[in-house]
1. Condition first: over 20 Å from Leu154 (Cβ atoms) and at pLDDT 85 or above. Now tell me which residues in the range 90-110 satisfy that.
2. Which of the helices (runs of 4 or more DSSP H) contained wholly in the range 1-111 include at least 3 residues that are surrounded by 12 or more Cβ atoms within 10 Å (Cβ to Cβ)?
3. Working only within the range 112-139, note down all residues that are open to solvent by less than 70 Å² (accessible area, probe 1.4 Å), in contact (Cβ under 8 Å) with a residue 40 or more places away in the chain and among the aliphatic types (A, V, I, L, M).
4. Report yes if some residue within the range 29-37 is hydroxyl-bearing (Ser, Thr, Tyr) and farther than 20 Å from Ala96 by Cβ; otherwise report no.
5. Which pairs have Cβ atoms under 6 Å, sit 6 or more apart or on different chains, and link a residue in the range 140-155 that is within 11 Å of Asn117 (Cα to Cα) to one that is open to solvent by 40 Å² or more (accessible area, probe 1.4 Å) and of a type outside the set (A, V, I, L, M)?
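The values are calculated or read from the model by the stated rules, or taken from the named source; none is laboratory data. Because the structure is a prediction, the values reported are computed rather than measured. FYI the Cβ positions are ideal-geometry reconstructions off the backbone, even for glycines, and counts take in every protein chain you see. Keep in mind that these areas ignore ligands, DNA and RNA; they rest on the heavy atoms of the full protein, side chains included. Shrake-Rupley method; radii C 1.70, N 1.55, O 1.52, S 1.80 Å.
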Amino acid sequence: LVALQHVHSLAILVGDHKQLPPTTKSMLAEKGGLSVSLFERLLACGHAVHRLTTQYRMHPAIAELPSRLFYESALVTAQSAASGQAPPSFPWPSAATPAAFLDVRSREARDGQSHSNAGEVEAVVAVVDRLRAGGVSLESVGVITFYAGQSRLLRRRLPRSVECNTVDAFQ
């Protein structure tokens, strides 16, 4: 907001009030309302909003859920994201939906201020190995995790060509 102090007549802010909320580590900050994003505040005050409706990152089958839950089914997928095919070298539950949930039975461990799970890391390494064996370019593989500790552990075990980071860092 410091940059806005120099604006004299018009400011255009680009963001999404449905995305990650601010991280507040102080009860005083939360009580002061700082856990509510700037976009949520502006929306609540009645400021004009122009919603972008095209997403470019996800396969349409994956984008369908957030579109329905958060965007009143108004989110559409750009042709570039829609054209992706599920690599056949992995046993997808449905070939039409390149998403799979793996049940990994292992425990989380504290990793400094974060968390990690060695069993999940081994499962990710096995999936990446299977994709590579099936001809998938590792430069096209991204691994997203919620925890910085998990990201560090994954980066130690995965080839450097696999992009791996936290949800926040991918934003």
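1. Pro91, Trp92, Pro93
2. Correct list: 38-44, 60-70.
3. Leu131, Val136
4. Checking the range 29-37: at least one residue is hydroxyl-bearing (Ser, Thr, Tyr) and farther than 20 Å from Ala96 by Cβ.
5. Hits for this filter: Tyr147/His115; Gly149/His115; Ser151/Asn165.
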